[in-house]
Amino acid sequence: MIFISYNCSLVQFQQGPNGETVVTAMISAEGEVMEFRKHVPAEGRVEDWMTAVLEEMRSTNRLITKEAIFFYGADAGNQVWWTWEVEDVFRKVKKAEKTAMKEYAKRLHGQIGDLVVQVRSPLSKNDRAKFNSVLIIDVHARDIVDNFVRDSILDAREFEWESQLRILGKRAR
């Protein structure tokens, strides 16, 4: 295993089906393993196969991120999905579903309860830190939606929602 850069501490080598050496995963400084979707042959010029490893790390990371956003609907949250859900609630309200925001707030309260149960379960130190971060973000999102319900914010063009989008945009930079 060798050092690469950023938070990739090591890469994992294995023997391929034809006896060739392949890179199968990267390992972070915290010990998390990201299995590559495609194994990268570690043959020829080091610069060439290390470039291929870098491309596979990026490709695998993009796929993992897309899957995380897709599967969020059944699990705990992130800001990308939350933003889409709030926008969807505004669309529902516009179509005369006047209680859509209240129903969404109720669902967020339930999700936070589920997250608290997960945080209290046996977890590794790293996983506990991740769940705590998600919990903090989700509590903040729930509070925003609760304020929308309290203040009857029911349109995506209202200042209260626009200001949240600006804050999220600044965090993303």
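The values are calculated or read from the model by the stated rules, or taken from the named source; none is laboratory data. It should be emphasised that the depicted structure is a prediction, and the values quoted were computed from it without experimental measurement. With ideal geometry, Cβ positions are generated from the backbone for all residues, glycine too; neighbour counts draw on all protein chains shown. Just the protein is used for accessible areas: all its heavy atoms, side chains included, with ligands, DNA and RNA removed. Shrake-Rupley method; radii C 1.70, N 1.55, O 1.52, S 1.80 Å.
For the stretch 20-58, residues that are among the basic types (Lys, Arg) and either open to solvent by less than 30 Å² (accessible area, probe 1.4 Å) or assigned to a loop (DSSP other than H, G, I, E, B) (or both) total 1.
Quick one: is Lys170 under 23 Å from the mean Cα position of the chain (by Cα), open to solvent by 60 Å² or more (accessible area, probe 1.4 Å) and modelled with pLDDT under 95? Taking the combined requirement at face value, the residue satisfies it.
To keep it simple, each residue is scored yes or no on (1) among the aliphatic types (A, V, I, L, M); (2) within 28 Å of Glu30 (Cβ to Cβ).
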position	(1), (2)
Glu85	no, no
Lys94	no, no
Asn126	no, yes
Ala129	yes, yes
Val139	yes, yes
Val145	yes, no
Asp155	no, no
Glu158	no, no
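If you filter the stretch 79-98 down to residues that are β-branched (Val, Ile, Thr) and at pLDDT below 95, you find that the one that is farthest from the chain's Cα centre (by Cα) is Thr83. Among residues of the stretch 135-162 that are in a loop (DSSP other than H, G, I, E, B), those with a Cβ under 7 angstrom from a residue that is surrounded by 16 or more Cβ atoms within 10 Å (Cβ to Cβ) and among the aliphatic types (A, V, I, L, M), sequence gap 6+ or separate chain, pair up as Leu154/Val93; Leu154/Met101.
When you check Arg128 against the structure, is it out of contact with any Pro (no Cβ under 9 Å at 6 or more places or on another chain), open to solvent by 60 Å² or more (accessible area, probe 1.4 Å) and more than 24 Å from Glu87 (Cβ to Cβ), yes or no? Spelling it out, Arg128 is indeed out of contact with any Pro (no Cβ under 9 Å at 6 or more places or on another chain), open to solvent by 60 Å² or more (accessible area, probe 1.4 Å) and more than 24 Å from Glu87 (Cβ to Cβ). Within the span defined as the stretch 18-27, every residue fails to be within 27 Å of Lys66 (Cα to Cα) and either modelled with pLDDT under 90 or among the charged types (D, E, K, R) (or both).
Could we say that Arg62 is open to solvent by 30 Å² or more (accessible area, probe 1.4 Å), under 30 Å from Val145 (Cβ atoms) and at pLDDT 95 or above here? Considered against the rule, which asks whether it is open to solvent by 30 Å² or more (accessible area, probe 1.4 Å), under 30 Å from Val145 (Cβ atoms) and at pLDDT 95 or above, Arg62 comes out as no.
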